[in-house]
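A quick write-up on the structure given underneath.
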Number of protein chains: 2
Amino acid sequence: MKKIYNPKRSEWSTVLKRPTQTVADIEQTVEAIFKEVQNDGDTILKKYTEKFDGVIIDGFLVSEQEIEEAKALVSQELKEAILSAKNNIEVFHKAQKTDRVAVETANGVQCWQEKRPIQKVGLYIPGGTAPLFSTILMLAVPATIAGCEELVLCSPPNKEGKIHPAILFTANLCGVTKIFKVGGIQAIASMTFGTESIPQVYKIFGPGNQFVTVAKQIATKYGIAIDMPAGPSELLVLADDSANPAFVASDLLSQAEHGVDSQVILVSTSKEIIAAVEIEVEKQLQELPRKEIAEKAIANSKLIYVEDDATANDLINEYGPEHFIVCVTNEDYFIDNIKNAGSVFIGDYTPESAGDYASGTNHTLPTNGYAKQYSGVNLDSFMKSMTFQKISREGIVEIGKTIEVMAEAEGLYAHKNAVTLRLQSLKD
Amino acid sequence: MKKIYNPKRSEWSTVLKRPTQTVADIEQTVEAIFKEVQNDGDTILKKYTEKFDGVIIDGFLVSEQEIEEAKALVSQELKEAILSAKNNIEVFHKAQKTDRVAVETANGVQCWQEKRPIQKVGLYIPGGTAPLFSTILMLAVPATIAGCEELVLCSPPNKEGKIHPAILFTANLCGVTKIFKVGGIQAIASMTFGTESIPQVYKIFGPGNQFVTVAKQIATKYGIAIDMPAGPSELLVLADDSANPAFVASDLLSQAEHGVDSQVILVSTSKEIIAAVEIEVEKQLQELPRKEIAEKAIANSKLIYVEDDATANDLINEYGPEHFIVCVTNEDYFIDNIKNAGSVFIGDYTPESAGDYASGTNHTLPTNGYAKQYSGVNLDSFMKSMTFQKISREGIVEIGKTIEVMAEAEGLYAHKNAVTLRLQSLKD
């Protein structure tokens, strides 16, 4: 772990630098596959599924029977855990519902704003050894609360042409309309254009490797919205002497096990806690099954000492962490003053993994400093805001002159005329 | 105008097709200018301002003195109109403020969501003959209500090196922090990277020509958020026999005058109103200063007759209009059932130009069918949602097991351990 004491503000951007990713060279590959999927649909999906997933798939749609088989394969203990997490996620996301906002902005001018669901959404769930069923909860639960009509899920098949039972169980539980055995760039392209099997959607959500990340970026060029741009997962812990070094170390390691490019940072105004955490990290690291991955991420991690809370707060806002754990006595100062963070975990008994699975908050969060301008996934991510206005005769008389003057000043005479005609009709 | 009677559902996508835009060939130009601005900052801005705007600019920042001069040049009548519009826009956007959403999802598990402002935002305002000061109101007013700390505005200078007084007056009135005389691709690149003069921002808003549109798209590749992808402005009017043909025609024309690629569609279940509107359009067209532009847009416009309201509603949802005017007796049916529209204008006395300037709703709206998945600009566009959670000892006992089981099933043992350690400490 790299220890940095009192970095100068001019050095912050270097100290806080994330590992660079080069996407430019992937773009051409992604664009080429997009074009192929656009032109040849399912035939191309079959080709790339054989090439990348090593299996020939005839029907991409997961059948009812496959779902029933999956249900039987998931342990009762896991089912109960998933149901319990689902409940908390539902409670938190249902609370995010907003009423319509209606005001009379001027006499006779009624304006209102309503949120309505995005009709068709696509969820991408990566394959691999770890089946990310928790992400299905995080996406399908709010999508269902929002009222999205069609929830399409794509996930790559394994060598036997199957999707992990926990994924199928969770998707079925959460109201996913259709599940398809297709992954990678070709899955994102399918949901962008639609194929014979797979419906086009309006917005695509979900994590993935760098190919999926670039594919989602390319999808936006074809008019499809995405949840947010992605980067490696990251955690910043702020701790003082009141913090428990073992707990802090366990949180840093739970982030570090995600991948060798994971970002782990500890910020503190106490050199003692930094030293204690470092010892604990070494100790706990030895016990981890994913030790090799975590070790590499930890080697790049940073322990940053700063002199006071105000400096710590500024530094954290400059970084904009995806996950921000606050284990300090004066937690309120940081809660009130944090400007850029995806999700904030407060106190000794709030590990990041609580938010990853079961506290109820969403774990699809902005990485890479995007917390400065992007929200984590929430209920509104599955809706769009629309505005309405209804103006009475009295109302157009009230604001007509303003419109005429402004339209004329902008050189838009037909805009002006649309008002003038109406005002004249009321004088006649 | 093209009349289409009872188009089959299979033909809707063709009937509703928007004019295609090719952006691929612009991308390289934009990328090249981005690289130059990233490397050489102000020097490059100067070069391109001379090349594209035909003027040598030494200081890009608009001075206090220039703002004072501008204030003196705007007529009292226009100032009053701008102030009146600003008031309505403020009332509507202030009403969109939301409280923090706090719930206890399980015993001892406190979760809440808060929206906090995006610290630095950039507004792009195009130049040209028509100074779009109204767009400043639509962007700077909600940005200020949101609490954004830095509002940077870029707009191209004219041949005399000046920005239109109405733009400077409005920007100053609405709390824009800094105004810069720079336009086009180079303005978007400046706000993306920052230069010696121009600060980097986190999110860029505002309209522009196809170069600006592509530049905003490219900016997202460098981690900057944008308001939404853009396309030509469009209007769909739904009218029945109760509608006033002259009013409808004036609305169609106010859209048509925007540009030759503007989209204008009338949908009706009455052949009579279609015929009457067509006659009115011809009549009013002759009077317009921007007749040549409007004529070309009108030539491509469509008058679509359908047999019943349900079909009309489906067709409109398939199109997803930016602006949707509803002039029918049973307006409630359409208000309740519209799924995809940017802003809806209801009744005979609610012309689109009311929303463009002064009703209070925002005029920065999704075009090109993006109403299916994007919101128009609103207060939330200038904020991001953050989540917080605080779990008590009781709380971690309550949800700990769920987290452990799920983390293990996903193969993330350090995630599990962060909980196990805490649970054990409570047993000791």
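The values are calculated or read from the model by the stated rules, or taken from the named source; none is laboratory data. None of these values were measured; they are calculated from a predicted model. Cβ atoms come from the backbone with ideal geometry, glycine included; neighbour counts cover every protein chain shown. Ligands, DNA and RNA are excluded from the accessible area calculation, which covers all protein heavy atoms including side chains. Shrake-Rupley method; radii C 1.70, N 1.55, O 1.52, S 1.80 Å.
If we count GluC sites (Glu not before Pro) as exposed when they sit in a DSSP loop and have at most 14 other beta carbons within 10 Å, what is the longest stretch of chain A that avoids them all?
With GluC sites (Glu not before Pro) excluded where exposed in loops, chain A gives A:1-148 as its longest stretch.
Given H placed 1.01 Å from N in the peptide plane, which residues other than close sequence neighbours of A:Met386 have an amide H under 5 Å from its amide H?
Amide H neighbours of A:Met386, under 5 Å, 5+ apart: A:Glu114, A:Lys115, A:Arg116.
Region A:206-270 to region A:35-68: how many Å between their Cα centroids?
31 Å
Between B:Gly369, A:Thr49, A:Tyr413, whose Cα lies farthest towards the positive end of the dipole of the protein assembly as shown when Lys and Arg beta carbons carry +1 and Asp and Glu beta carbons carry -1, centred on the Cα centre?
Of the options given, the answer is A:Thr49.
Got the A:Glu149 label distances to the other copies yet, label 7 Å along Cα→Cβ, in nm, shortest first?
Relative to the other copies, A:Glu149 has label-point distances of 4.5 nm.
First compute the accessible area of region A:24-226 with a 1.4 Å probe, then give the percent of it belonging to carbon and sulfur atoms.
48 percent
Looking at chain B as a GNM with Cα springs under 10 Å, which of B:Ala189, B:Ala171, B:Ala275 has the largest mean-square fluctuation?
B:Ala275
Using the structure shown, list the pairs from A:Lys8/B:Lys221; B:Lys115/B:Lys203; A:Lys384/B:Lys97 with a Cα-Cα distance above 19 Å, or answer none. Spell out each step's value before the answer.
On the way: A:Lys8/B:Lys221 29 Å; B:Lys115/B:Lys203 16 Å; A:Lys384/B:Lys97 16 Å.
Over 19 Å apart, Cα to Cα: A:Lys8/B:Lys221.
Carbon-plus-sulfur fraction of the accessible area of region A:254-332, 1.4 Å probe, in percent? Walk me through the intermediate numbers first.
Values: 1370 of 2980 Å².
Of all accessible area on region A:254-332, carbon and sulfur atoms account for 46 percent.
Roughly what % of DSSP beta bridges within region B:24-226 run antiparallel, to the nearest 5?
30 percent
Using Cα springs under 10 Å in a Gaussian network model of chain A, which residue among A:Val103, A:Val326, A:Val281 shows the largest mean-square fluctuation?
A:Val103
Which trypsin sites (Lys or Arg not before Pro) in region B:117-173 sit in a loop by DSSP (not H, G, I, E or B) and have at most 13 other Cβ atoms within 10 Å of their own Cβ?
Filter output for region B:117-173: B:Lys159.
Most mobile of A:Ile279, A:Ile226, A:Ile188 per a Gaussian network model of chain A (Cα springs, under 10 Å)?
Among A:Ile279, A:Ile226, A:Ile188, the largest GNM mean-square fluctuation belongs to A:Ile279.
Based on Cβ point charges of +1 for Lys and Arg and -1 for Asp and Glu, what charge dipole magnitude is obtained for region B:24-226 about its Cα centre, in debye rounded to the nearest 20?
For this selection, approximately 400 debye.
Probe radius 1.4 Å, ligands and nucleic acids left out: can you give me the accessible area buried at the A-B interface, summed over both chains, in Å² to the nearest hundred?
For A against B, buried area totals roughly 10400 Å².
When only DSSP loop residues count, what trypsin sites (Lys or Arg not before Pro) in region A:19-110 have their Cβ near at most 11 other Cβ atoms within 10 Å?
Hits after loop and neighbour filter: A:Arg100.
Based on Cβ point charges of +1 for Lys and Arg and -1 for Asp and Glu, what charge dipole magnitude is obtained for the protein assembly as shown about its Cα centre, in debye rounded to the nearest 20?
My answer is approximately 700 debye.
Looking at the square roots a ≥ b ≥ c of the eigenvalues of the Cα gyration tensor of the protein assembly as shown, which shape do they give, rounded for a/c under 1.5, prolate if a/b is larger than b/c, or oblate? Please report the intermediate quantities before stating the final value.
On the way: a/c = 1.90, a/b = 1.44, b/c = 1.32.
Prolate is the answer for the protein assembly as shown, as a/c is 1.5 or above and a/b outweighs b/c.
When a/c reaches 1.5 or more, the comparison of a/b and b/c decides; with that in mind, is chain A rounded, prolate or oblate per its Cα gyration tensor?
oblate
If the reach is capped at under 26 angstrom between alpha carbons, list the lysines near A:Lys296, excluding any in the same chain fewer than eight residues apart.
A:Lys2, A:Lys3, A:Lys17, A:Lys271, A:Lys283, B:Lys416
By its C-alpha gyration tensor, with a ≥ b ≥ c as the square roots of the eigenvalues, how is region B:24-226 shaped: rounded for a/c under 1.5, else prolate for a/b larger than b/c, else oblate?
oblate
For B:Lys3, place a label point 7 Å from Cα along the Cα-to-Cβ direction in every copy; what are the distances to the other copies, in nm, shortest first?
8.6
Shortest first and in nm with one decimal, please list how far the B:Ser63 label point sits from its counterparts in the other copies (point 7 Å along Cα→Cβ).
Ordered by distance, the counterparts are at 7.9 nm.
In square angstrom, what is the accessible area per residue of the protein assembly as shown with a 1.4 angstrom probe?
I get 37 Å² per residue for this part.
Check cross-link reach from A:Lys94 to the aspartates and glutamates: straight Cα distance under 12 Å, and skip same-chain residues fewer than eight apart.
A:Asp380
Grab the Cα-Cα distance for A:Val260 and A:Asp25, subtract it from 0.36 nm times how many residues apart they are, and report the gain in nm with one decimal. Don't skip to the answer; put the middle values down first.
On the way: separation 235, 0.36 × 235 = 84.60 nm, distance 2.10 nm.
Length difference between fully extended and current span is 82.5 nm.
What is the distance in Å between the Cα centroid of region B:364-403 and that of region B:271-300?
Between the Cα centres of region B:364-403 and region B:271-300 lies a distance of 45 Å.
Roughly how big is chain B's charge dipole about its Cα centre, with Cβ charges of +1 (Lys, Arg) and -1 (Asp, Glu), in debye to the nearest 20?
Working: 41 positive and 57 negative charges, 255 e Å.
Here chain B has a charge dipole of around 1220 debye.
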